[in-house]
Amino acid sequence: MNQAAKIPLVTTIPERCRVCYTCVRECPAKAIRIAVGQAEVLPDRCIGCGKCVRVCSQHAKQVYDSTQEVAAILESGAKVAAIIAPSFPAEFTEYTPGQLVGALSALGFDLVCEVAFGADLVAVEYKRLLDREDGKRYIATTCPAIVAYVERYWPDLVPSLAPIVSPMVAAARGLRALHGEDLHIVFIGPCIAKKGELTGDSVRDDVDAALTFVELRGLLARANLAPATVGTREFDPPRPGLGALFPIGRGLLQAADLSEDLLEGDVVAVQGGEEFVPAIREFQSGTLDARLLEVLACEGCIMGPGMSTGASLFDRRSRVSRYVRERVNGNPRGDVDLAPLGSVDLCRCFQAQDRRIAAPSDNELTRILARIGKRCPDDELNCGACGYSTCREHAIAIYKGLAESEMCLPYAIDQLRTTVQDLAESHEELARTQEALRHSERLASMGQLAAGIAHELNNPLGVVLMFAHILRDEHAKDPEFSEDLQIITEEADRCKKIVAGLLHFARQNKVQFRSVDVPDLVDRCLAVMRPPDGVSIQAEHRMTSDRAEIDPDQITQVLTNLVNNAYAATPPGGSVTVTTEEDGDQIRIIVTDTGTGIPKENAAKVFEPFFTTKQIGKGTGLGLAVTYGIVKMHRGDIHVESNADPNSGPTGTTITVTLPRKAERQQQEAIGSGK
C-alpha cells in the first residue's frame, strides 16, 4: 500500500460530474477545486473523510482501489491475516460472523481477526494518558481523517494529538508480536482514510493494505462466494471486549471506562463533519478546555464511506450493540487475557503537513467580490449555491485557486441575462444587416436593368420630344391640335424626367467627400424649398461640432427628396421639422412630419424603386431609392418610423439618416496615425 501515497485517495470521473458543487459544500477540508467547470479532488489537501463520495448523487467520485494489491498479497504464498473493523455487523447483515470468517478464509486469508481487540489495547492507553497529572490536553487519534485534518490545517495542534496508534495499527502490531514479523496484514473496514493512514512514516510497515467493505464485497462476488457456499468458523484470537463498541459514537469512552461528565468537562466526544471542524477550532482557542477531545469525522465508523449498506444510523448501531452483547456475554473484557500483548508498542508520532493558504488582503478581497458582482454588502446574498457558506468564503477560495467566478449562481444568472440581451441585440442587428443586404442586392439588380432601359429609351425619347415641341410650336394657333400636342410634350417631358431618374438611380458615381457645415447645408437647402400653404417648416440644430465629411451635392439631394415627401404627406395645419444632432463619431439628420403616415403594409417597400403612394403623374417612386443609395455610399444608415393609425397616437413619419462624421478614407488615416 506504500505506493498509495502517490495516488489520490478519491478522484472524480469527469463524464459523470455535473458540477453541482455538493462535494465542495460538504468537504470539511475544502480539498476540492473547481477548474474549467470540473470538480477535482486535490490529493495533498484531501483528508480521506469520504464525504464527497457519500453525497455525490451522480456517483462521480471513485475511491482508490486496493483489490489488485490485496490479490497479489494473497497469491504471494506468504502468511496473510485479515483484520476486520468492528463495524462489520452493520454491513454484512446477510452473513453470520462465522460465515464471514469462512468467506475470508475461502479468499485465502490464513488468519481472520477482529480489530476490536486492538481497540481494547488502545482504550487502556487512553485511560493511562488521562490518569496522568500533567495537565496536558489531547485530541484522540483513533480517526485517521481527523489526524490528517489536524496535520494539514491545524499544524499548531499537532503536539496535542494523543501519541497513541489507532486500533488498526494496535491490532497489526499485536498480531505480529504473536505470529512473527513476516506476517502480512490486510485491514478491512468502512474507512477510506485508512488507506492514507498506512503511508504515515511511523506506521508505514504495520499494515500492508487496506480494503473497504465495498471492495471486499467485490472480491467475494468475483470469487462466487456467498453465505450459502462458505463454511463457518470462529474469529482467530485474541478475542475483543468492549473495544468492539469503537465504531459507535463515544465507544472509545465506554471501552476505556471514561466518562463524558458534563460537570467535570474533562472529556468531550464529537462526531460528524458539521461538528468536528468547530470543535477543533474551539479546542485551539481554549474555549473548549477538555483534557480529551474524542473526534470522529463520521457519525461513528458505522457511517463510514466505505460501507454499501443503506440502513439507518440507529439500525447500524443496534446491530453492532447486539453483536457486542452476545460476544461479551456479561464479561466486558472478553474471554481472553490481553496480558501477553502488554509489551506491544502503541506509541506513534505525528508531523505537521501545513496545507493552509494565506488569505487575501482586504483590497484583494474587495476586488474579487466586485468581479463576481458583489460591490457592496447588500450584493452578498450568501445563498450557498456555489458550495461556500458566504460570498466572502467563495471570494477567498477564488483567491486560493480553489473556485471560479462562474460558480456564483446570481453572478452566472446576471451574465446569462447580459449574454441573452447581447445575443438579442446581435440578432436584431444581423436581421437588419441581412435585410439591408437583400435590399441592396435588389437595388443593384434593378439598377442594372434601369440603366439598360434608360440608355435604350433616351435617344428615341429625345427624338419624340423634339418633334413634339416642333409640332406644338407650328400649330400653336390651331386649337384642334395644340391641346393634344401640349399633352404629348408634357408626357414626353415626364418620360424624360423618369429616364433621368433611372440614370441617376443606376449611376455608380463616387462620393466626393468634403468638410461641410451640416447645419448651414440644411438651412440653405430649406431656404429654397418653400412649403405648401398651411404647412410650416423649421430646423433644429443640436450639434456642438458642426462639420462632417460628406458629399454636399448628394446630401442636398437626400434632403430634397425627404422634405418633398414630407411636404406631400402633410395636410394644411401640419408641420415638418428637420433636426441635426451628433452621437460621438456619427451625425444624424432627422426629418419629421405630422402627416398621414405610412401604413404598416407599405413600410417595408418605401425604398424600392418605382414604389409610390402618390397619385399617378405626381411621383416616379425613385426618390427614396436614390436616397437609400446615397446614404449607403456614405457608409451610413437610414431608418423609418411611422404611424398611420390615429387610434395609436399622433400620425406622422420620422426618417433618420445616420452618417459617419469622417469619411472612410479619413477614418483609416486616423487609425494609421494613432489618433
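Looking at Gly306, Gly310, just one residue is in a loop (DSSP other than H, G, I, E, B) and surrounded by 13 or more Cβ atoms within 10 Å (Cβ to Cβ), and that residue is Gly306.
Restricted to region 43-157, the set of helices (runs of 4 or more DSSP H) holding at least 2 residues that are more than 21 Å from Tyr323 (Cα to Cα) and in the same structural domain as Glu26 (by TED's automatic domain parsing) comprises 51-55, 67-75, 97-107, 116-131, 144-153. When each of Arg217, Arg233, Arg222 is tested for being among the charged types (D, E, K, R), within 25 Å of Cys143 (Cα to Cα) and surrounded by fewer than 21 Cβ atoms within 10 Å (Cβ to Cβ), the lone residue that passes is Arg217.
Here's the yes/no breakdown for (1) surrounded by fewer than 18 Cβ atoms within 10 Å (Cβ to Cβ); (2) part of a strand (DSSP E or B); (3) modelled with pLDDT under 95; (4) not small (Gly, Ala, Ser):
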| position | (1), (2), (3), (4) |
| --- | --- |
| Lys195 | no, no, yes, yes |
| Leu211 | no, yes, no, yes |
| Arg239 | no, no, yes, yes |
| Leu253 | no, no, yes, yes |
| Gly265 | yes, no, yes, no |
| Glu274 | yes, no, yes, yes |
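When restricted to residues that are among the basic types (Lys, Arg) and closer than 26 Å to Lys374 by Cα, region 414-432 contains 1. If you scan region 398-428, which residues turn out to be exposed (fewer than 12 other Cβ atoms within 10 Å of the Cβ) and basic (Lys, Arg)? Arg417 - this is the single residue of region 398-428 that is exposed (fewer than 12 other Cβ atoms within 10 Å of the Cβ) and basic (Lys, Arg). If I filter region 597-618 for residues that are among the hydroxyl-bearing types (Ser, Thr, Tyr), surrounded by 17 or more Cβ atoms within 10 Å (Cβ to Cβ) and either modelled with pLDDT of 90 or more or within 25 Å of Val518 (Cβ to Cβ) (or both), do I get at least one hit? No: region 597-618 contains no residue that is among the hydroxyl-bearing types (Ser, Thr, Tyr), surrounded by 17 or more Cβ atoms within 10 Å (Cβ to Cβ) and either modelled with pLDDT of 90 or more or within 25 Å of Val518 (Cβ to Cβ) (or both). Here Glu429 meets each of (1) in a helix (DSSP H, G or I); (2) acidic (Asp, Glu); (3) within 30 Å of Val203 (Cβ to Cβ) with one exception, condition (3).
In the set (1) touching a Lys or Arg at 6+ places or on another chain (Cβ under 8 Å); (2) of a type in the set (Val, Ile, Thr); (3) more than 16 Å from Arg152 (Cβ to Cβ), Ile7 fails one condition alone, (1). Check whether at least one residue in region 323-331 is at pLDDT 90 or above, surrounded by 11 or more Cβ atoms within 10 Å (Cβ to Cβ) and not hydrophobic (A, V, I, L, M, F, W, C), and report yes or no. Scanning region 323-331 turns up at least one residue that is at pLDDT 90 or above, surrounded by 11 or more Cβ atoms within 10 Å (Cβ to Cβ) and not hydrophobic (A, V, I, L, M, F, W, C). Check region 390-397 and report whether any residue there is among the hydroxyl-bearing types (Ser, Thr, Tyr) and either surrounded by 21 or more Cβ atoms within 10 Å (Cβ to Cβ) or within 17 Å of the chain's Cα centre (by Cα) (or both). No: zero hits. Set side by side, the residues Thr580, Thr596 differ, and just one is among the hydroxyl-bearing types (Ser, Thr, Tyr) and in a strand (DSSP E or B), which is Thr580.
The values are calculated or read from the model by the stated rules, or taken from the named source; none is laboratory data. In this text the structure is predicted, and so the values were computed from the model without any measurement. Positions of Cβ are generated from backbone atoms using ideal geometry, with glycine treated the same way; all protein chains shown enter the neighbour counts.
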